[in-house]
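First up is the structure itself, then whatever we jot down about it.
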């Protein structure tokens, strides 16, 4: 019986921490580390764990902040707080424990700057982006700064200089990637956000306009990726070629988004395309760094 309760609690913590998303955040931290060090070694795991715990803490705080809104949406009404599996105070306690553990790991293993960056990501998400979502449908643009921070933490944890143009360009790419990623999500879930009282772009633009804007941001993302080698972020011609081919392929796939008729339903494959593209870019950059 006790083991069942422990398993249920772990499951709740995993839901509060949005583990699938925080794993992706952790991978970008590992990328930043490898880009500076040129190798993957045991020293990268503790700072990566620190960012993972801080990202989980930020997600848990977000669950607390948006618990009333979550209860109004089909996609989120069964989350731990609205479903009654944990109290709001219990979720905050979990978040505090995760934040303290993550901050301590970063400070001890990677230094004060790495910890500051990790806490900056948490504060930006919970104190700026989350409240801003209730004010403007364009909150995703400043909110995307969050995605740029984890690779910088990995870079700093490995010993790199924070203002190095190489990592700044990589961070900028991650910043841009988050925007079309969210726009695609909005094309699918916009009505649910509107139902919960959030200001949404689907109330300002037609589906065709949203698809056009999404394409422009996707094109911008692909171009930003191609600037990574320009700023010295790659060493091999093979890596540069792979980035070029992958970026051109993504843009060509998204041209089809422009050709959809006004009444055609958004195809979730585009969401898969942009996520796969990010993973491919990360693998190519990491492989190039260790080559």
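All of the numbers you see were taken from the coordinates with simple rules; none came from a lab. The shown structure was predicted, so the numbers you read here are calculated from the model rather than taken from an experiment. A quick note on method: Cβ atoms are made from the backbone with ideal geometry, for glycine too, and the neighbour counts reach across all protein chains shown.
Quick notes on this structure:
- Simple label model, 7 Å out from Cα along Cβ direction - residue 252 to residue 163, nm: 4.2 nm
- Size check on region 202-256: the Cα extents along the three principal axes, sorted descending, read 45, 21, 10 Å.
- The modelled label-to-label distance for the pair residue 72/residue 120, using points 7 Å beyond Cα in the direction of Cβ, is 3.4 nm.
- Paramagnetic reach from residue 46 in region 90-118 [backbone N under 19 Å; point 7 Å along Cα→Cβ]: 98-118
- Helix-only CD estimate at 222 nm, as mean residue ellipticity for the chain, using -39500 (n - 2.57) per DSSP H run (n ≥ 4): -24500 deg cm²/dmol
- Computed FRET value (nearest 0.05) for residue 134 with residue 244, which takes r as the C-beta separation and R₀ as 41 Å: 0.50
- Region 58-79 and region 102-166 have their alpha-carbon centroids 22 Å apart.
- Each part gets one Cα centre, and for region 1-44 versus region 198-214 those centres are 33 Å apart.
- Modelled spin-label separation between residue 39 and residue 230, with each label point placed 7 Å from Cα along the Cα-to-Cβ direction: 3.3 nm.
- Sequence ranges 88-100, 181-193, ranked by mean other-Cβ count within 10 angstrom, highest first: 181-193, 88-100
- The orientation-averaged shadow of the Cα convex hull for region 1-48, equal to a quarter of the hull surface, comes to 4.1 nm².
- Candidate values (1) 27, 23, 17; (2) 33, 21, 18; (3) 30, 28, 15, label of the one derived for semi-axes √(5λ) of the Cα gyration tensor in Å: (3)
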